[in-house]
Amino acid sequence: MQTLKEMRQLGLLTQEQYLEIRAYVMSHPSPEQITAMPAHLWQAMLHADALMYPDDEPQPLH
């Protein structure tokens, strides 16, 4: 959750995206469930992650 907060604070996620992703993760806590989150949320997280960590390898959309 700390990374999500940081993404929100840096303006990489909107407040709405942050709240939606947070709610999803809180109710679907297993790694398998998290990677199965709705595509629009997963895409927002991947985009924010790429901006935070530009040297990392991109992760595939599930």
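The values are calculated or read from the model by the stated rules, or taken from the named source; none is laboratory data. Worth saying up front: this structure is predicted, and the values here are computed from it rather than measured. Counting neighbours? That spans all protein chains shown, and the Cβs are built from the backbone with ideal geometry, glycine included. Each accessible area value is taken on the protein alone, full model and side chains, heavy atoms only, with ligands, DNA and RNA left out. Shrake-Rupley method; radii C 1.70, N 1.55, O 1.52, S 1.80 Å.
Conditions (1) at pLDDT below 95; (2) part of a helix (DSSP H, G or I); (3) open to solvent by 90 Å² or more (accessible area, probe 1.4 Å); (4) of a type in the set (Gly, Ala, Ser), marked per residue:
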| site | (1), (2), (3), (4) |
| --- | --- |
| LEU12 | no, no, no, no |
| GLU16 | no, yes, yes, no |
| GLU20 | no, yes, no, no |
| GLU32 | yes, yes, yes, no |
| TRP42 | yes, yes, no, no |
| LEU46 | yes, yes, no, no |
| ASP49 | yes, yes, no, no |
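Take the conditions modelled with pLDDT of 95 or more and open to solvent by less than 40 Å² (accessible area, probe 1.4 Å) and apply them to LEU4. Does it pass?
On the way: modelled with pLDDT of 95 or more: no; open to solvent by less than 40 Å² (accessible area, probe 1.4 Å): yes.
Here the answer is no, as LEU4 does not meet what is asked.
Looking at (1) surrounded by 13 or more Cβ atoms within 10 Å (Cβ to Cβ); (2) without any contact (Cβ under 8 Å) to a residue 12 or more places away in the chain, can you tell me which one TYR53 breaks?
The failed condition is (1).
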